[in-house]
Each structure stands twice: as C-alpha cells, then as structure tokens.
Amino acid sequence: MNQIIYLFIIIITIEKNIYQIFYELISRKYSMNFKGIRWRCIMKKIEKLMLYIALIFIEFTAIPEILFAQNPLIIPDALTVIHNRKSVRKYLNKPMNNEQLEILLRAGMAAPTAGDKRPWVFIVITDQAMLDSLSLASRGTSMISSAAAAIAVCGDTRIGFKSEVWVQDCSAASENILLAAEAIGLGAVWTGIYLNEEPTKYVKKMLGLPLEVYPLNIISIGYPTGEEKPKNKWNTTKIHWEKW
Ligand SMILES: Cc1cc2nc3c(=O)[nH]c(=O)nc-3n(C[C@H](O)[C@H](O)[C@H](O)COP(=O)(O)O)c2cc1C
C-alpha cells in the first residue's frame, strides 16, 4: 500500500515537472523571446525528472525483482503472508537465485531460540541430482525432485541445551522460512524427517551430516503454479479463555 501511495506521489510530481517544462518553453515561444528562456531552470527540472525516473526504477523494478518474485508492486504485510501461506507441492520449472535463498535463510535465522543458542544448521540444495535423491527419502518428499531448491533444517545437538529443545528452535526457523517464501512469491512445503527412523538415516547419509547433527525437515521450495490455496483453519472450539 505504501508503495502505491509512493508511486502516486512520484507520478504527480513528474506530471507537475513535465507541465512546468512545457509551460516554460511554450510561454516563451509565444512571446517570441527566446533569449529569455531560462535554460538553466529547465535543465534543473529535467535533472529532477531523471532523478525521479531513476527512483522509480530502483523502487519498483531492480530491487523488487530480486525480493518480490510475484508482483513487485505488492509487498504483503505480515498478517497477509501468515494467512496466505499454504503448503506448495507443485512448482513451475523456473530456477531460484541466490538472493532469494539468502532471504529465506535470513528469515530462518531471525527466529527465536531457547537461550538464544541457535543450534540450527541449514543445508541448501539446488543440485538436481541431489534434489532427486532427497525426493526418495520418504513417501512425503516426492515433490522435492521438481523443486527449484530445498533447505534441510538441521539441529546440531552439540550446540545449546543437552536436550531436544533444538526441535523447537529449528521448528521456529522452519516456519519463518515458509513465511518468507510466501512473502516473496515462492511456494514451499515442510516435509518431515525427524522421528522417522529410515528417512533420518537416509538424509543424514545423503547430506553427509555429522553424527550429532539431525535433520528436522527438508523444506521444498519453488515458484508456485498457483493451484494450491490456503485453508481456513479458524476454529473457535480450539480456544479456551482463561481456563480449559
Ligand atoms: C511436522 C510436519 C511434517 C510434515 N510433513 C510433510 C511431508 O512429509 N510431506 C508433505 O507433503 N507435507 C508435510 N507437511 C505439510 C502438512 O501436510 C501441511 O502443513 C498440512 O496439510 C496443512 O496444510 P497447509 O500447510 O497448506 O496449511 C508437514 C508439516 C509439518 C508441520
């Protein structure tokens, strides 16, 4: 919304500038007094105009192209992202770039952790052969072979508390990644590995994880085909006020 208002202000300003330049030229032309044309003034206005055009380019094309894959003019707010997030398992055949992956990883590392220990490790996979191999980890991971990338969110049990708290820490990071993907127009799904013995062994081997590092999940990511929609899960019977 802010960007639309911003765009509107820029257009109004440019319109005013164009109008002023024409006014300067035409009014002087009719009075046939070319000597009096204030070229410096006109040049300044053209300079200003160029600056606004450059601003529009930066604001609406270059940076959002990287940040907002879907629509550079629409930057969804946090609640819209939360409610629009859905598991996306069908992807377009389109590669992702490293900037997009870094946005997701930064979002993951922005999550809270117990004691601020940050016991997470993120393995980023873009290699097609590896995506194909990981898609065989379990019955729930098949979509990974058609994903543009995957992030295995792992917990390093050597860091942090000597307990299973890493599962909660890495879950918070995973949800942040899912939300960030939605925010930048990508689609993602959490595929569970943790607590599944065979898939855990398989993924640990495939990714060469140290003994003390466990995969919580593999997040499969790509450009959504648009078929999958968010579910309405609002259910007041799940809420108890003050006491059960
Ligand atoms: C712990 C966990 C494990 C999951 N494992 C899988 C999985 O292996 N394969 C899969 O396709 N989806 C998996 N999902 C995604 C759920 O199926 C999905 O979140 C659920 O159906 C609700 O749909 P939504 O995400 O679109 O709201 C998992 C989600 C969580 C939180």
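Things to note:
- Translational diffusion coefficient (Stokes-Einstein; Kirkwood radius from C-alpha pairs) of region 161-244 at 10 °C, 1.306 mPa s, in µm²/s: 102
- Region 80-212, relative contact order [Cα under 8 Å, separation at least 6], %: 35
- Computed E for residue 146/residue 109 - FRET, C-beta separation, R0 22 angstrom, nearest 0.05: 0.25
- When the listed pairs 162/204; 90/162; 117/231; 201/233 are checked against a 27 Å cut-off, the alpha-carbon distance exceeds it for 90/162; 117/231; 201/233.
- Of all aspartates and glutamates in the structure, those lying under 17 Å Cα to Cα from residue 94, and not within fewer than 8 positions of it along the same chain, are 65, 127, 132, 182, 227.
- FRET efficiency for residue 20 and residue 86, using Cβ-Cβ distance with R0 set to 45 Å, rounded to 0.05: 0.35
- Cα convex hull volume per residue for region 78-222 (Å³): 101
- At R0 = 25 Å, FRET efficiency that the Cβ-Cβ distance of residue 161 and residue 124 yields, to 0.05: 0.45
- Straight Cα distances below 20 angstrom link residue 44 to the lysines 16, 29, 35, with same-chain residues fewer than 8 positions distant left out.
Bear in mind these aren't lab numbers, they're just calculated from the coordinates by the rules spelled out. Computed from a predicted structure; not experimentally measured. Neighbour counts are summed over all protein chains in view; Cβ atoms, including those assigned to glycine, are modelled from backbone coordinates with ideal geometry.
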